[in-house]
Amino acid sequence: MMKVLVVGVNTRPIANSLKRANYYVCSVSYYAPEDLLADEIYYFINKDRHGKFLENYREEFLTRKVNEIHEEFDYILIGSGVFERENSKVYDWDNVLGTEPKKIKELSYKPRIYRELKRLGYEVPEFRVAKNYNDLEKFLDEFDKAVVKPLSGSGGFIRKITSLDNLKNIKFPILIQELIEGKSFSANFINNIFICYNKQIIINGLYSGNRTPYPLNGEIWKKLLDIKEIFDIKGMWGVDFILKDNNVFILDINPRLLGTFETIEISSKTNLSRALINNLEVKPKNTVIKRIVFSKRRVRAKIKPCKFVFDIPKFGAIIEKGEPLATVIANRNLKSVIKKIYEWCI
């Protein structure tokens, strides 16, 4: 039996797909929801008290564990949250299915990638690197409206700013970027093959899910496909972009397994992990919506297994305000399911 290891912040969608394809699966992750299926599970969250992700997450715990055991597996699949920091330690694993760790790290450093994209003729929002609050104030005057982001990493939390009043405890240096008022999308690929567009759900600057597939007019994907060859990306990858007045502004290149993994799999009725390993065709058709549900206050989670609900925390776990409670994936009745999740948390 083929043995596959998957590593990332939350491996549940990928690990479960691998199990359904009858592979031997090892999961190395931060989160470890009750509906995670794998033959070996290593996790680093306190399942009884989740705490704050940004305070507790340590990428090196995951990558160090993988490095100890990686030679036991035929393939390693890499999800989000690893090799995406400027100081990430990279490893030379020769069994990665997709882009290697060194390249993921390189493509996660936004200033360098934005400059290269501009040089190649792509549009990106104007940006500056702020080293202190004086820089932030100066650049904010220049941009009028802006967002601040870490220099490295893809997806995650961004903060929209119009003044310095709501900016505290900033860790410098930081990226300050012109705010482009438009709709957020992503284009997903496997190697040279375009899979679909997705409309991203962004709530308070936080990635909160997506709609797959999304019918965008034109052939934007053809303009983005060259990115694969330019940056030597392999396997599954994607580009996040803002669409404004028919202009495409690139926000991120994601050279690893994507947050849309599960919606693509459900929409296409194809086991995506098997398709990646065996280079099979994937064609999303039916609309599927993914919505990450965040806690509105500190609660004790008592979420029951049910249709449409995934990433279920341990029964009775303490979840802090603003942290993920569960994921809803469906094409209908989302509001009623989300309401039920909140009712289950006291």
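Observations, loosely collected:
- Amide N of the stretch 49-63 lying under 18 Å from the label point, which is placed 7 angstrom from the Cα of LYS321 along Cα→Cβ: 50-55
- Taking all pairs of distinct alpha-carbon atoms in the stretch 44-123, Kirkwood radius in angstrom: 14.6
- Highest average first, the peptides 13-23, 189-199, 222-232, 264-274 ordered by how many other beta carbon atoms sit within 10 Å of their residues are 13-23, 264-274, 189-199, 222-232.
- Assigned charges on the beta-carbon of Lys, Arg, Asp, Glu; the chain dipole about Cα centre (debye): 1360
- Relative contact order of the chain, pairs being alpha-carbon contacts under 8 Å that are 6 or more residues apart, as %: 16
- The residues SER152, SER80, sorted by heavy-atom accessible surface at 1.4 Å with ligands and nucleic acids left out, run SER80, SER152 from largest to smallest.
- Extension gain, LEU151 to ASP245, is 31.1 nm, computed as 0.36 nm per intervening residue step minus the present C-alpha separation.
- Pairs of alpha carbons in the stretch 179-315 separated by more than 27 Å make up 25% of all such pairs.
- Candidate values (1) 29, 25, 21; (2) 34, 26, 18; (3) 38, 22, 18 were compared with semi-axes √(5λ) of the Cα gyration tensor in Å computed on the shown model; the agreeing label is (1).
The values are calculated or read from the model by the stated rules, or taken from the named source; none is laboratory data. This structure is a prediction, so every number in the text was calculated from the model and none was measured. Positions of Cβ are backbone-derived with ideal geometry, glycine not excepted, and every protein chain shown enters the neighbour counts. Accessible surface areas use protein heavy atoms only, side chains included; no ligands, DNA or RNA. Shrake-Rupley method; radii C 1.70, N 1.55, O 1.52, S 1.80 Å.
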